[in-house]
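In what follows, a single structure is set out as C-alpha cells and then discussed.
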Amino acid sequence: MKTLLFFISLFIITPIIAPAQLVSNDSVPTVIVHKDPRFDELAAMQAEINKKSYLSTSHFIPGFRIQAANTQNRDEANAVKAELLRRFPDQKSYLLYQSPNFRVRIGNFLTQKDALPLRKKISALYPGKGIYIVPDIIEHKPAADEEDQEEK
C-alpha cells in the first residue's frame, strides 16, 4: 500500500514540480538602472574630503629616530628631553619606558641619511654619550606633492 501511494504521489507531484525547474533560454532578464547624476558629484566631493583628511593626519610607518639617552633615572631622562625640546623645537621628542630603562628619542626620519645632521648636533651637545640612529615606528605626515605622486 505504501509503495502504491508513493508511485501515485510521484506521478501526481512530478508533473507539477518539473516545469518549475525548466529554464528557458529564450529570454534573459535584464535590469536597467537610471543613476541620478548628482551621485557623481557626491562621490567627487567625498573623494576630496577623504584626500584632505588623509593629508591632515599623521600616519605611522617604519622609519628612524635618534636615541639621545638611555638611563634608569627618570629625572635625567626628563632633563634630556626638555633640553632637546628647547634646542630643537621643530623636532618631536619622545620619552619611552622599557623596564628598567627610560629612553629619550627625537625626530621622525624616513631614512638614516636624513637623521645624520641632527645626530651630529646632538652628539656635540652630549659628548661621550652614545647617540644612535635607531629604527622605530615614526609619525609621517605626507605632503600634498607626495600624495599626487602616489596616485600616478
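Sorted into 10 angstrom bins from 0, the C-alpha pair distances of the range 61-145 split as 19, 52, 26, 4, 0 percent. Going by neighbour counts of Cβ atoms within 10 Å, the residues Ser99, Ser53 line up, fewest first, as Ser99, Ser53. Taking Lys and Arg as +1 and Asp and Glu as -1, the other residues whose beta-carbon sits under 9 Å from that of Gln67 total +2. Counted by neighbouring Cβ atoms within 10 Å, the residues Arg65, Arg74 run from fewest to most as Arg74, Arg65. Take every Cα pair under 8 Å whose residues are at least 6 apart in sequence, average their separation, divide by the length of the range 61-145, and the relative contact order is 43 percent.
Report the calculated FRET efficiency for Gln98 and Ala124 (r = Cβ-Cβ distance, R0 = 22 Å), to the nearest 0.05.
The value I calculate is 0.25.
Bear in mind that the values in this text are calculations on the coordinates, not laboratory data. Computed from a prediction, not measured in an experiment: that's the story for all the values here. Glycine also receives a Cβ, built like all others from the backbone with ideal geometry; neighbour counts cover every protein chain displayed.
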